[in-house]
1. How about segment 113-124: which of its residues are assigned to a loop (DSSP other than H, G, I, E, B), touching a helix residue (DSSP H, G or I) at 6+ places or on another chain (Cβ under 8 Å) and not small (Gly, Ala, Ser)?
2. Any residue at all in segment 334-353 that's buried (at least 21 other Cβ atoms within 10 Å of the Cβ), touching a helix residue (DSSP H, G or I) at 6+ places or on another chain (Cβ under 7 Å) and at positive phi?
3. How many residues does segment 242-258 contain that are closer than 25 Å to residue 406 by Cα and in a helix (DSSP H, G or I)?
4. Take the residues in segment 368-404 that are within 17 Å of residue 317 (Cα to Cα) and not aliphatic (A, V, I, L, M); name whichever of them is farthest from the chain's Cα centre (by Cα).
5. One residue is enough: does segment 329-342 have a residue meeting the conditions within 19 Å of the chain's Cα centre (by Cα) and part of a loop (DSSP other than H, G, I, E, B)?
6. Filter segment 296-316 down to residues that are assigned to a loop (DSSP other than H, G, I, E, B) and either more than 17 Å from the chain's Cα centre (by Cα) or without any contact (Cβ under 8 Å) to a residue 40 or more places away in the chain (or both) and give me whichever is surrounded by the fewest Cβ atoms within 10 Å (Cβ to Cβ).
7. Please go through segment 397-408 and pick out each residue that is surrounded by fewer than 22 Cβ atoms within 10 Å (Cβ to Cβ) and either in contact (Cβ under 8 Å) with a residue 40 or more places away in the chain or at positive phi (or both).
8. So, in segment 71-100, exactly how many residues are open to solvent by less than 70 Å² (accessible area, probe 1.4 Å) and in a helix (DSSP H, G or I)?
Amino acid sequence: MSSFRAATRPFIANCWKINSNRVYIKAFSSVRNFPFGVCRESSPAPAEGFMPGLARSKLLKHTHEEALKNPELVDTGVVGGETKKMNFLQGVNDAMCITLATDETAVVFGEDVSFGGVFRCTLGLAEMFGKDRVFNTPLSEQGIVGFGIGMASVGHTAIAEIQFADYIFPAFDQLVNEAAKYRYRSGNEFSIGGLTVRSPSSAVGHGAHYHSQMPEAYFAHTPGLKVVIPRSPIQAKGLLLASIKDPNPVIFFEPKILYRAAGNYEYNGGYSDNRGPLIKIEQVPTGDYELPLGKAEVLKRGKDVTVVGYGSQIYTLEIAIQMAEKHIPGLSCELIDLRTILPWDVDTVAKSVDKTGRLVIAHEAPKTAGFGAEIAASVMERCFLRLESPIQRVCGWDTPFPLVFEKFYLPDVTRCFEAIKKAAEY
């Protein structure tokens, strides 16, 4: 071993260079110069992770005209207004800013939110609206949600943050047994519809089992709650404003990989910013607007396979569809973003499957009893005689969320492509 170290020390010393918190590996002209082969120059992964394909997604609205062309915005009063470049995080922040500015009963609270929170979603709100309206709480998820229920019950608009969706489970009793049933058990005399619980969710590539989970299916089983998962800055702002104003308690999961990971150059199978960043953010209406809860959005029309997802998984499915349509001549896929998990828009999905006869569902959560199972069962009930192939589910595996095997756990482009191909060629 000592001879190996002696032989490789000159190469190691010449190879690594630390600069501006980045580690680069110099590529040598021949593999003989370096025992481990040629390594390309690359940047380390950002904290929020990489979102493959997002930089080139056709789903993001990059111009003022594209942003305001959305038919759902027609009756909101923002169509003739201004737009502003925002990433996902800024869209969330802007929704809370508008709420605090227009609703004097609104309060924002959670762990570390007064100085912006761990992802900086609440940055600047305490300075703008005061620390009596944007404030920190103890590290108790049960206490945070219980406090929110109390605030909402006396007429406040309560916006609570659970720092990671993985830590929402201590608050499970408060959400499922208290918040969801509050109005029902009082015979509609009392309501806590002013409660919205925000929480960063989903995987980023290195979060392991306590910072990567998608627990939406647990709450989708609970009448009295609404569960929302947006995919983009425009959607995040509009759906969060709708959630805050909805007369029911809402759990709003935010795929944290989308916060700032708006895209970098894809480079030789990896990612690099050595050619300059290719940042893709949306033009978001600056006004107050709401997008409908419980309504799916058809992002791409097609005639052969219906593909359904939500949150960050939409961008993976977009690439998988492009691959499938390239490799299978004449194939046309329809892509649907559910946006709301509870209540979910079964009519839009069933109408699409009636047309295509095939269905592929993808989500990050484990397959067994995941929300994809509910979609599959409902579509079977409505479209059984129209189905041309078995419904395909592409999900996380039925294991705890792993760290070193995270890329194998997630329903990536390859797995989604194979499912589309299998459905199309059955």
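The values are calculated or read from the model by the stated rules, or taken from the named source; none is laboratory data. A quick note: this is a predicted structure, and the numbers were derived from the prediction, not measured. Glycine also receives a Cβ, built like all others from the backbone with ideal geometry; neighbour counts cover every protein chain displayed. In case anyone asks, the SASA skips ligands and DNA or RNA and just uses the protein heavy atoms, side chains included. Shrake-Rupley method; radii C 1.70, N 1.55, O 1.52, S 1.80 Å.
1. If the condition is that a residue be assigned to a loop (DSSP other than H, G, I, E, B), touching a helix residue (DSSP H, G or I) at 6+ places or on another chain (Cβ under 8 Å) and not small (Gly, Ala, Ser), then 119, 120, 121, 122, 123 are the ones that fit.
2. So far as segment 334-353 goes, yes, one or more of its residues are buried (at least 21 other Cβ atoms within 10 Å of the Cβ), touching a helix residue (DSSP H, G or I) at 6+ places or on another chain (Cβ under 7 Å) and at positive phi.
3. Number of matching residues: 3.
4. Start the filter on segment 368-404 by keeping residues that are within 17 Å of residue 317 (Cα to Cα), which leaves 371-372, 375, 391-396.
Pick out the ones that are also not aliphatic (A, V, I, L, M) and you get 371-372, 392-393, 395-396.
Details: 371: 15, 372: 16, 392: 21, 393: 19, 395: 15, 396: 15 Å.
That would be 392.
5. At the first step, the residues of segment 329-342 found to be within 19 Å of the chain's Cα centre (by Cα) are 335-342.
In the following step, the residues that additionally are part of a loop (DSSP other than H, G, I, E, B) were identified as 338-339.
The answer is yes, given that some residue of segment 329-342 is within 19 Å of the chain's Cα centre (by Cα) and part of a loop (DSSP other than H, G, I, E, B).
6. Here is the first cut: in segment 296-316, the ones assigned to a loop (DSSP other than H, G, I, E, B) are 296, 301-304, 310-312.
With either more than 17 Å from the chain's Cα centre (by Cα) or without any contact (Cβ under 8 Å) to a residue 40 or more places away in the chain (or both) added as a condition, the list becomes 301-304.
On the way: 301: 11, 302: 19, 303: 14, 304: 20.
Among them, the one singled out is 301.
7. The initial filter retains those residues of segment 397-408 that are surrounded by fewer than 22 Cβ atoms within 10 Å (Cβ to Cβ), namely 397-400, 402-408.
Once the filter is applied, which keeps residues that are surrounded by fewer than 22 Cβ atoms within 10 Å (Cβ to Cβ) and either in contact (Cβ under 8 Å) with a residue 40 or more places away in the chain or at positive phi (or both), segment 397-408 yields 400, 402, 403, 406, 407.
8. So the first thing to find is which residues in segment 71-100 are open to solvent by less than 70 Å² (accessible area, probe 1.4 Å), and the list is 72-73, 76, 78-79, 81, 83, 86-89, 91-100.
Now narrow it down to the ones that are in a helix (DSSP H, G or I): 72-73, 88-89, 91-100.
Looking only at that region, the number is 14.
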